[in-house]
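Encoded as structure tokens, the structure appears first; notes follow it.
The values are calculated or read from the model by the stated rules, or taken from the named source; none is laboratory data. Computed from a predicted model, the values in this text were never measured in an experiment. For neighbour counting, all protein chains shown are included, and Cβ atoms are generated from backbone atoms with ideal geometry for every residue, glycine included.
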Amino acid sequence: MANSQIRLKILPSARCLYDKLVQLKVEGLSPHRPVELRSKVVDDRGVTFKASAVYKADETGEVDVCRAPSLGGSYTGVQPMGLFWALAPDTPHSKYLKKNVLTPSLVEIEALSGEDGGVLASGTNERVYMTEGMKRVPVQEGRIRGVLFIPPGKGPFPGIVDLYTFGGGLSEPRASLLANKGFVVLALAYLGYQDLPKKPKNLDLEYFEEAVNFLRTRPEVQGPGIGIISISHSGGLALTMSSHLSGISATVCINGSNANTVIPLHYKGNVMPPLTPIVKNVKITESGLFSIRDALPDPTLEKNKASLIPVERASCQFLFAVAEDDHNWNSSMFAEKAAQILRSHGKESFQVVSYPKAGHFLEAPHTPFCPSGFHPAVGMNVVFGGEPKAHCEAQLDLWERVQEFFKSHLGKNGC
């Protein structure tokens with residue numbers, strides 16, 4: 001039973017946007033008393049994620065997580081949001097899944113006695129995805145399947161297409177959070193959603209062209225060009241769109257490839273084959289997970305050039321974000337090769353930002369770290385890489401960079 005003299009505070013409010021930092025404080029403790037803080041959240045798949053940290057109250061009987069170091073548990077040191085990014089699944093190899101952005105992620109926080117483990121105080125942080133007044137509009141327009149997020153206020157606003165991973169379905173968290181920043185964002189599905197096939201024999205670039213044209217003609221969207229944000233497999237799709245389609249001004253490629261991968265890509269009668277993996281380069285870790293980092297070869301080699309994306313044809317600005325410990329594939333190499341090609345054609349219209357010790361899934365800030373999980377193209381659990389603290393810091397930095405990049409190159413500030 002909680003002690004009425006001891007209070008857990010979630011500041012500035014127990015309800016906030018998902019990407020915002022909160023300050024956790026425990027007050028009313030005895031001076032220097034040990035206390036354990038625990039966090040728990042259940043994702044939309046029903047998987048429970050937990051974290052914990054041990055603190056010692058100061059001379060006033062307070063623990064302020066923004067100032068006090070954790071002495072043990074899921075992390076150590078001063079980590080204001082450690083109880084969020086260190087959340088780890090009870091079911092191994094599970095990635096935090098949020099499908100319904102109309103409801104908040106509910107992170108339960110408990111303060112427990114370091115002496116007998118009794119609950120001293122508790123609270124819940126409601127982390128929401130949509131600011132008040134935002135519109136969420138399901139899209140079934142021609143072949144396009146997705147959801148459009150329109151921010152409140154007087155538009156028009158810069159437009160962005162949000163492409164997620166090869167896992168299929170539709171992911172809305174990043175799109176909704178970006179829309180909170182003043183963008184109209186189309187979260188676009190491209191396989192395994194509604195009537196889109198789960199295992200298509202090929203992808204048609206015309207589908208993505210239709211989506212670009214749809215977004216550009218929306219009255220809420222400010223021209224002349226739109227942006228694309230992508231991660232993992234969709235990074236290659238974003239680069240291909242930028243290289244072949246008009247109306248794209250700014251493209252973010254997070255841990256993507258500069259070659260087509262996994263599925264043949266068709267456009268106007270031409271076929272771009274997927275890069276052929278080198279199976280012997282797949283390794284098995286001591287824990288029995290597959291490490292596929294080096295499975296895909298250099299796409300600029302002559303024998304692989306049919307899969308190479310002609311980024312030199314693009315007229316947009318690029319932001320390549322690279323996690324140096326990405327074990328999904330060698331995203332550092334892919335970004336470097338793309339940059340070399342652009343530079344060799346006299347183009348400096350790109351930035352490459354690199355994050356040491358970060359893993360594959362660079363998500364919105366404070367998203368639980370995912371070091372391993374099921375890979376739909378491999379059909380097995382694989383290593384995604386990274387170290388939790390460094391990965392968390394990379395997510396924070398990249399989130400700000402993405403917003404500044406789009407603000408600089410879209411709408412009235414863009415080309």
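Hey, does the range 215-234 have a residue that's assigned to a helix (DSSP H, G or I), surrounded by 24 or more Cβ atoms within 10 Å (Cβ to Cβ) and touching a Ser or Thr at 6+ places or on another chain (Cβ under 7 Å)? Yes, there is a match, as at least one residue in the range 215-234 is assigned to a helix (DSSP H, G or I), surrounded by 24 or more Cβ atoms within 10 Å (Cβ to Cβ) and touching a Ser or Thr at 6+ places or on another chain (Cβ under 7 Å).
Restricting the range 92-122 to residues that are among the small types (Gly, Ala, Ser) and surrounded by fewer than 16 Cβ atoms within 10 Å (Cβ to Cβ), the residue that is nearest to Gly359 (Cα to Cα) is Ser122.
For the range 324-343, the tally of residues that are polar (S, T, N, Q) and assigned to a helix (DSSP H, G or I) stands at 3.
Does the range 266-285 contain at least one residue that is assigned to a strand (DSSP E or B), in contact (Cβ under 8 Å) with a residue 12 or more places away in the chain and touching a helix residue (DSSP H, G or I) at 6+ places or on another chain (Cβ under 6 Å)? Yes - at least one qualifying residue is present in the range 266-285. Among the residues of the range 102-157, those that are charged (D, E, K, R), in the same structural domain as Gly28 (by TED's automatic domain parsing) and modelled with pLDDT under 95 comprise Glu115, Asp116.
Among strands (runs of 3 or more DSSP E) entirely within the range 3-45, having at least 2 residues that are surrounded by 14 or more Cβ atoms within 10 Å (Cβ to Cβ) and of a type in the set (Lys, Arg) singles out 7-11, 34-42. Only one entry in Lys305, Lys283, Lys337, Lys268 is closer than 25 Å to Pro371 by Cβ, assigned by TED's automatic domain parsing to the domain that holds Val402 and of a type in the set (Lys, Arg), namely Lys283.
Being over 27 Å from Ser94 (Cα atoms), part of a loop (DSSP other than H, G, I, E, B), at pLDDT 95 or above and not acidic (Asp, Glu) is true of Gly346. Among the strands (runs of 3 or more DSSP E) lying completely within the range 72-168, list those that include at least 3 residues that are small (Gly, Ala, Ser). The qualifying strands (runs of 3 or more DSSP E) are 105-113, 119-128.
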